[in-house]
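Remarks on the structure that follows.
The values are calculated or read from the model by the stated rules, or taken from the named source; none is laboratory data. Only a predicted model underlies this, so the values are computations on that prediction, with no experimental measurement involved. Counting neighbours? That spans all protein chains shown, and the Cβs are built from the backbone with ideal geometry, glycine included.
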Amino acid sequence: MQNLEEKIQGYLSGKLSEDERQEIKNWANASEQNAKLLAQHRKLYELSELDTSSFCPNVEMAWLKVEKKIAKHSIALNSGNVFYKIAAAIAVTVGLVFFSISYFSSPDLVAVNTREGEVLSVILSDSTSITLNENSTLKYPEAFDGSERKVYLDGQAFFEVKRDEDHPFKIIGRSSVTEVLGTSFDLIAKQTYSQVNVLSGSVSFKGRKSNDKVVLEKNNSATIVDAKLESFEHIDTKTLVWRLGELNFQSTPLREVAQVLTKHYGVEIQLQSGIDSCLITSKFEGKTMSEILEVLKVIANITNVSDDEKVVVLSGPSC
């Protein structure tokens, strides 16, 4: 097979045509050694997506281990040194550090992917609950070990982290690192944009390309845009509506409506005297808190009289 190393890279990155992909599959199926070689480089490619902030490899030792491994197995390919060519090509793409043989024996990560319009719930081994938004990928170990709990996110998810002060929970994104002990928050982690909205507890949030870091409390948020970190003393409710679904109130007392809205939006709601028994009938789907307040104003003449972004104080005629 001509240009095997380039074709393997193209196969792993999804850049080959269907005929070329089938050619690689046929080559891998031709022998057990070919299949193992492709599997190893798939592992390298997948690991290139993950965190390297705490990894300091001994590259020279890694190459020695690889050489010993190759010496034990004679791999029948068109070129005697094609393994080195493939390894070198992949090293250029994903970084030489990933060629450390220690990564071959790393615990496998479970990968969960969502399609357009699909939302999935995941419960981790530590009882942490994660709701994964559409078009997102979550990677996590079947069981946590070591001093920290680490998962990887590309996209958006809502986390309810089980508190464990001895084992911090860390989410590695493409442009951010989020660390908590136990809290609930919404996180967007993408290549050039990250955002976190904290609904309970505290969250450490930092960029991967700089040393900027901020610790956020309940009802705080922060963004990283093109490596620039900025924090806010309020949450962005627009980014939270994806997980709410439809809120359907049928002759529901306002005090109960307020409890539901507080839970979903993480905003404290206070009711002035005389309106807690007002009955609300309305459906809210994909609405922000501001939009819901506008509806309440129209249907029940109930308004927010607070200037504090963290607290909603509802007032209106007695019921």
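Can you tell me which residue among 152, 140 is assigned by TED's automatic domain parsing to the domain that holds residue 189, without any contact (Cβ under 8 Å) to a residue 40 or more places away in the chain and either in a strand (DSSP E or B) or over 18 Å from residue 198 (Cβ atoms) (or both)? Before you say what the answer is, go through the steps one by one.
Details: 152 fails: without any contact (Cβ under 8 Å) to a residue 40 or more places away in the chain.
Sole residue among the options that is assigned by TED's automatic domain parsing to the domain that holds residue 189, without any contact (Cβ under 8 Å) to a residue 40 or more places away in the chain and either in a strand (DSSP E or B) or over 18 Å from residue 198 (Cβ atoms) (or both): 140.
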Practice item. Look at residue 183 and say whether it is modelled with pLDDT of 95 or more and hydroxyl-bearing (Ser, Thr, Tyr). Key: no
Point to revise | the stretch 260-319, subset in contact with a helix residue (DSSP H, G or I) (Cβ under 9 Å, 6 or more places away or on another chain), of a type in the set (Ser, Thr, Tyr) and not in a strand (DSSP E or B), residue surrounded by the most Cβ atoms within 10 Å (Cβ to Cβ) | key: 265
Practice item. Among the residues of the stretch 242-256, count how many are in contact (Cβ under 8 Å) with a residue 24 or more places away in the chain and either exposed (fewer than 15 other Cβ atoms within 10 Å of the Cβ) or assigned to a helix (DSSP H, G or I) (or both). Key: 8
Practice item. Look at residue 263 and say whether it is closer than 27 Å to residue 189 by Cβ, among the basic types (Lys, Arg) and not assigned by TED's automatic domain parsing to the domain that holds residue 135. Key: yes
Check your understanding: Are there any pairs, at least 6 apart or on different chains, whose C-beta atoms fall under 8 Å, with the first in the stretch 219-230 and under 23 Å from residue 262 (Cα atoms) and outside the structural domain of residue 184 (by TED's automatic domain parsing) and the second outside any strand (DSSP E or B) and of a type in the set (A, V, I, L, M), and if so, which?
Key -> none
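Any residue at all in the stretch 300-313 that is within 28 Å of residue 216 (Cβ to Cβ), over 29 Å from the mean Cα position of the chain (by Cα), polar (S, T, N, Q) and not assigned by TED's automatic domain parsing to the domain that holds residue 133? Before the answer, list the steps.
Of the residues in the stretch 300-313, the ones within 28 Å of residue 216 (Cβ to Cβ) are 304-313.
Subset that is over 29 Å from the mean Cα position of the chain (by Cα): 304-308, 312-313.
Still in the list and also polar (S, T, N, Q): 304, 306.
Next, only the ones that are not assigned by TED's automatic domain parsing to the domain that holds residue 133 stay: 304, 306.
There is at least one residue in the stretch 300-313 that is within 28 Å of residue 216 (Cβ to Cβ), over 29 Å from the mean Cα position of the chain (by Cα), polar (S, T, N, Q) and not assigned by TED's automatic domain parsing to the domain that holds residue 133.
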Check your understanding: Restricting attention to the stretch 233-252, does a residue exist that is within 23 Å of residue 161 (Cβ to Cβ), more than 19 Å from the chain's Cα centre (by Cα), at pLDDT 90 or above and assigned by TED's automatic domain parsing to the domain that holds residue 156?
Key -> yes
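Determine whether residue 127 is in a loop (DSSP other than H, G, I, E, B), small (Gly, Ala, Ser) and modelled with pLDDT of 50 or more. Full working, then the answer.
Working: in a loop (DSSP other than H, G, I, E, B): yes; small (Gly, Ala, Ser): yes; modelled with pLDDT of 50 or more: yes.
Answer is yes for this residue.
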Review point. Which number in (1) modelled with pLDDT of 95 or more; (2) over 16 Å from residue 242 (Cα atoms); (3) not aromatic (Phe, Trp, Tyr) marks the one condition that residue 195 misses?
Key: (2)
